[in-house]
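The values are calculated or read from the model by the stated rules, or taken from the named source; none is laboratory data. Everything numeric here is computed off the predicted structure, so don't read it as measured data. Here the Cβ positions follow ideal geometry from the backbone for every residue, glycine too, while neighbour counts run over all protein chains shown.
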Amino acid sequence: MGEVAYWQMRLDVVTFMPAGVPWQKNDQPVAHPRHRLEMTRLAIAGVPYFEIDAREVERDGWTFTADTLQTFPDGEELAVILGADAASRIATWQRYEEVVARATIAVMPRPGFTRDQVEAALGPDGFVWLDGPELDISGTEIRERLELGKPIRFLVPEAVRTYADTVGLHHVETT
């Protein structure tokens, strides 16, 4: 999504910001924020227009996008890049109105979610529809594959797979 948004929207930089304590996943197992930060760093390494920002990981308590956006200077133009699945459910976010008022919402197609669903959530002019492939890969699927001992090679960057295996986040089949 970051690559597509960078080129289509002519962004200066794409900042990846792992959530500290994602409140919508409070009933799901997630890797420690420091591990997610390091895996993100590894995933984007070598791309000069990608950067990482640890502000959510370093903040205490639940992570809310509205709070994070308030930490940027008022005049700074911001875009929040989402999959169509997340964008169609944006009304479930805490203070989502503040998010859509503060940032351009850029939406990447996702299998099983239509542009009409995103329009129903954000309005026909409330987002930028990114012209990218519908990749049917999700964090949920990757975690499920790992729990079942199935390989994730080529679903995540090799450095991320190696890191997760090395620190013992899960058991990874390497073939």
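Summary of values
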{"item": "Every residue from the range 75-125 that is in contact with a Phe, Trp or Tyr (Cβ under 8 Å, 6 or more places away or on another chain), under 21 Å from residue 7 (Cα atoms) and of a type in the set (Gly, Ala, Ser)", "result": "83, 84, 87, 106"}
{"item": "Where residue 144 falls short, out of the listed (1) crowded, with 16+ Cβ neighbours inside 10 Å; (2) at pLDDT below 90; (3) part of a helix (DSSP H, G or I)", "result": "(1)"}
{"item": "Residue check, residue 65 surrounded by fewer than 17 Cβ atoms within 10 Å (Cβ to Cβ) and hydroxyl-bearing (Ser, Thr, Tyr)", "result": "no"}
{"item": "Those residues of the range 33-59 which are more than 21 Å from residue 161 (Cα to Cα) and without any contact (Cβ under 8 Å) to a residue 12 or more places away in the chain, in sequence order", "result": "48"}
{"item": "Odd one out for residue 133, checked against (1) within 16 Å of residue 5 (Cα to Cα); (2) without any contact (Cβ under 8 Å) to a residue 60 or more places away in the chain; (3) in contact with a strand residue (DSSP E or B) (Cβ under 8 Å, 6 or more places away or on another chain)", "result": "(3)"}
{"item": "Filtered residue count, the range 86-118, keeping only those that are within 16 Å of residue 19 (Cβ to Cβ) and touching a Lys or Arg at 6+ places or on another chain (Cβ under 9 Å)", "result": "1"}
